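Reading through the structure tokens given below for one structure.
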Amino acid sequence: KQEVTQIPAALSVPEGENLVLNCSFTDSAIYNLQWFRQDPGKGLTSLLLIQSSQREQTSGRLNASLDKSSGRSTLYIAASQPGDSATYLCAVPGGATNKLIFGTGTLLAVQP
Amino acid sequence: GAVVSQHPSWVICKSGTSVKIECRSLDFQATTMFWYRQFPKQSLMLMATSNEGSKATYEQGVEKDKFLINHASLTLSTLTVTSAHPEDSSFYICSARGDRHNQPQHFGDGTRLSIL
């Protein structure tokens, strides 16, 4: 059974810092891995999708890496801003229907 | 990019009422749609998976007669919470995906359901 874990559960940094969020999964047989952002009371915004054949994906100040063999992914946020404050979730498809299995989330607060 | 619209965004109603939530894919065909439930400060919990034109597959512990799902077209799925009670109050989120398993899921903005 696939399990997805995120560390840390919460993180507070001053504006301008670079930071790394971690995601680990127990079953390396995945199609892809997705990173999402969720603002309070809102739905999910997809940030990056990494296919299993890829090592990393970049979008603006965000860079996500994937190491399938070790069951790990990282989300790197450069030059953090207060607007980056949100909960960040990683997810991998699993099961017969490839439903998304979500990590526990990291609550990020960027202090101005 | 792909857009999923969920309606309503917020509903408050009396106990015993049935509530319907709509999930629409606006610019792509959603072969598969997913319905999630989220309690405060917790991650998303999948309730059911629906494929266009067929019956939904419910996760263990989710009452299919309580949470009715219809996916009649490639752009619309509905979740009806029947005879809702206060314990059904939660944040419900839908997502939609195309016809390949390695495609990303695109999420709606969620529906806050409050049962008095």
One residue is enough: does segment A:59-82 have a residue meeting the conditions of a type in the set (Phe, Trp, Tyr) and either over 16 Å from B:Gln38 (Cα atoms) or open to solvent by 40 Å² or more (accessible area, probe 1.4 Å) (or both)? yes
For a quick check of your reading of the model, give me the residue pairs whose first member lies in segment A:1-18 and is in a loop (DSSP other than H, G, I, E, B), whose second is of a type in the set (A, V, I, L, M, F, W, C) and open to solvent by 80 Å² or more (accessible area, probe 1.4 Å), with beta-carbon atoms closer than 8 Å and at least 6 apart or on different chains. A:Ala9/A:Leu107
Out of the residues in segment B:72-92 that are over 10 Å from the mean Cα position of the chain (by Cα) and within 20 Å of B:Phe28 (Cβ to Cβ), which is most open to solvent (accessible area, probe 1.4 Å)? B:Ala72
Tell me, which strands (runs of 3 or more DSSP E) lie completely within segment B:15-100 with 2 or more residues that are closer than 16 Å to A:Leu44 by Cβ? B:19-25, B:32-38, B:45-51, B:90-97
In this structure, does A:Ile50 turn out to be under 27 Å from B:Met47 (Cα atoms), part of a loop (DSSP other than H, G, I, E, B) and within 14 Å of chain B (Cβ to nearest Cβ)? no
Out of the residues in segment B:93-111 meeting the condition of being facing chain A (nearest Cβ under 7 Å) and surrounded by fewer than 17 Cβ atoms within 10 Å (Cβ to Cβ), tell me which one is farthest from B:Phe67 (Cα to Cα). B:Asn102
Where a residue in segment B:38-51 is buried (at least 18 other Cβ atoms within 10 Å of the Cβ) and its partner, wherever it lies, is small (Gly, Ala, Ser) and in a strand (DSSP E or B), with Cβ under 8 Å and at least six apart: B:Gln38/B:Ser90; B:Ser50/B:Ser77
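The values are calculated or read from the model by the stated rules, or taken from the named source; none is laboratory data. In this text, all values refer to a predicted model and were calculated from it rather than measured experimentally. Counting neighbours? That spans all protein chains shown, and the Cβs are built from the backbone with ideal geometry, glycine included. Remember, those area values only see protein heavy atoms, side chains included, never the ligands or the DNA or RNA. Shrake-Rupley method; radii C 1.70, N 1.55, O 1.52, S 1.80 Å.
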